[in-house]
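Right, one structure below, let's go through it.
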Amino acid sequence: MRNSRRAIRNQVLAEEKIRIVLDGLHGEISIAELCRRDGISERLYDRWSKEWLQAGKRRLADDTARSGTTREVKDLKRKDLELKEVAAEKAVELRRLNSSKIGDGRRRCGASLGDDA
């Protein structure tokens, strides 16, 4: 039971970690004093602050090259498929028109050649 209490005590909530890191960044008290006050080691504080700063960098990078939400991605894929279908239909229609023009031209040419002969 004593070990489980220690494990629970050692698991600090994310909000608490953020508060501690922000307190350290404010600089109103030394990191050593902050760590003593909150019962953590300076190494642990350093690790948390590095993690927090790296997460901030990743988040800022995501703002410039943001990933779409699942819903946005599904909508874009659906629209992409619709556009591909329309393009395919138009390509088939264009081929039919071109082949009928070529076919009509051959018949006319062949008919005129046959008439002259």
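Among 79, 74, which is at pLDDT 90 or above and more than 30 Å from residue 12 (Cβ to Cβ)? Quick ask: steps written out before the conclusion?
Numbers: 74 fails: at pLDDT 90 or above.
Only one candidate passes the filter, namely 79.
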So how many residues does region 10-20 have that are over 30 Å from the mean Cα position of the chain (by Cα) and not in a helix (DSSP H, G or I)? 1
In region 21-30, anything β-branched (Val, Ile, Thr) and either under 13 Å from residue 53 (Cα atoms) or at pLDDT below 90 (or both) is listed as 21
Which count do you get for residues in region 21-48 that are among the small types (Gly, Ala, Ser), surrounded by fewer than 16 Cβ atoms within 10 Å (Cβ to Cβ) and in a helix (DSSP H, G or I)? 1
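The values are calculated or read from the model by the stated rules, or taken from the named source; none is laboratory data. All of these numbers come straight from a predicted model, not from anything done at the bench. For neighbour counting, all protein chains shown are included, and Cβ atoms are generated from backbone atoms with ideal geometry for every residue, glycine included.
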